[in-house]
Amino acid sequence: MQDFLHSLTHADIGILEKILRTFVVYVFLLIGLRLGGKRELGMLNAFDLVVLLVLSNTLQNAIIGPDNSLLGGLLGAGTLLLMNYLVVRYLFNHPKLDRYVEGSAMELVRDGKILRKNMKRELITEDELRSRARTQGIDDIRTVRCARIEVGGALTFVPEHPTPEQKLDTEMRARLERIETTLAKLAARAGV
């Protein structure tokens, strides 16, 4: 029982080393994911998922080193959470730096036209774009006023206002009203 408790609580490397390892891995991931683009954050395909899973397993060893103790794991996880909290809070209070670190949203569709240069820059295929549009209830890209990949990697679509269907509906109602008015005038002239 004593060996079991010792293995749970005894760290094989020093606390300062574990914190330093975690810091280095955190900074590496921030830079790597930023260079990888917003797609890595919000639009995972099977290849991206495999890379992220292998990356997390690979970097876990870099954080904890030869330490497999419960205390060591909790210390590494706690350090990651604390660092993330501090970085997010700092960036929130420094919007210019936040825009530099996080990047900015990028427009992928404007007035129904796909901006292929931006799609290529973000490594998003037309099939992926159309698939994401359908999940948001948009069947035709030509009806999109604006689509962009947001800072966090999510794709957002803003449909035309009014949509072509809404325009047609408005036009049909106006025509029906004119027909009703004309029929009412004809009926009044005929004395009906």
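Would segment 140-163 turn up any residue that is in contact with a Pro (Cβ under 7 Å, 6 or more places away or on another chain) and within 30 Å of ARG34 (Cα to Cα)?
Of the residues in segment 140-163, the ones in contact with a Pro (Cβ under 7 Å, 6 or more places away or on another chain) are 143-145.
From what is left, the residues that are within 30 Å of ARG34 (Cα to Cα) are 144-145.
Scanning segment 140-163, I find at least one residue that is in contact with a Pro (Cβ under 7 Å, 6 or more places away or on another chain) and within 30 Å of ARG34 (Cα to Cα), so the answer is yes.
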One residue is enough: does segment 91-107 have a residue meeting the conditions assigned to a strand (DSSP E or B) and modelled with pLDDT of 90 or more? yes
Quick check: is even one residue across segment 4-27 modelled with pLDDT of 75 or more, under 22 Å from LEU123 (Cα atoms) and part of a helix (DSSP H, G or I)? no
Among residues belonging to segment 107-139 that are among the aliphatic types (A, V, I, L, M) and over 17 Å from the mean Cα position of the chain (by Cα), point out the one that is farthest from ASP48 (Cα to Cα). ILE138
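So, of the residues in segment 141-158 that are in a strand (DSSP E or B) and of a type in the set (D, E, K, R), which turns out to be surrounded by the most Cβ atoms within 10 Å (Cβ to Cβ)? Before the answer, list the steps.
Let us first name the residues in segment 141-158 that are in a strand (DSSP E or B), namely 144-149, 155-158.
This time we only want the ones that are of a type in the set (D, E, K, R), so: 145, 148.
On the way: ARG145: 14, ARG148: 21.
Applying the filter and picking the extreme gives ARG148.
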Given the residues LEU108, LEU70, which is the only one that is touching a helix residue (DSSP H, G or I) at 6+ places or on another chain (Cβ under 8 Å), aliphatic (A, V, I, L, M), within 20 Å of LEU20 (Cα to Cα) and surrounded by 12 or more Cβ atoms within 10 Å (Cβ to Cβ)? LEU70
So, of the residues in segment 159-192 that are in a helix (DSSP H, G or I) and closer than 30 Å to ILE124 by Cβ, which turns out to be farthest from the chain's Cα centre (by Cα)? LYS167
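The values are calculated or read from the model by the stated rules, or taken from the named source; none is laboratory data. Nothing here was measured: the structure is a model prediction, and the numbers come from that model. Because the Cβ atoms are built from the backbone with ideal geometry, glycine has one as well, and the counts that use them run over all protein chains shown.
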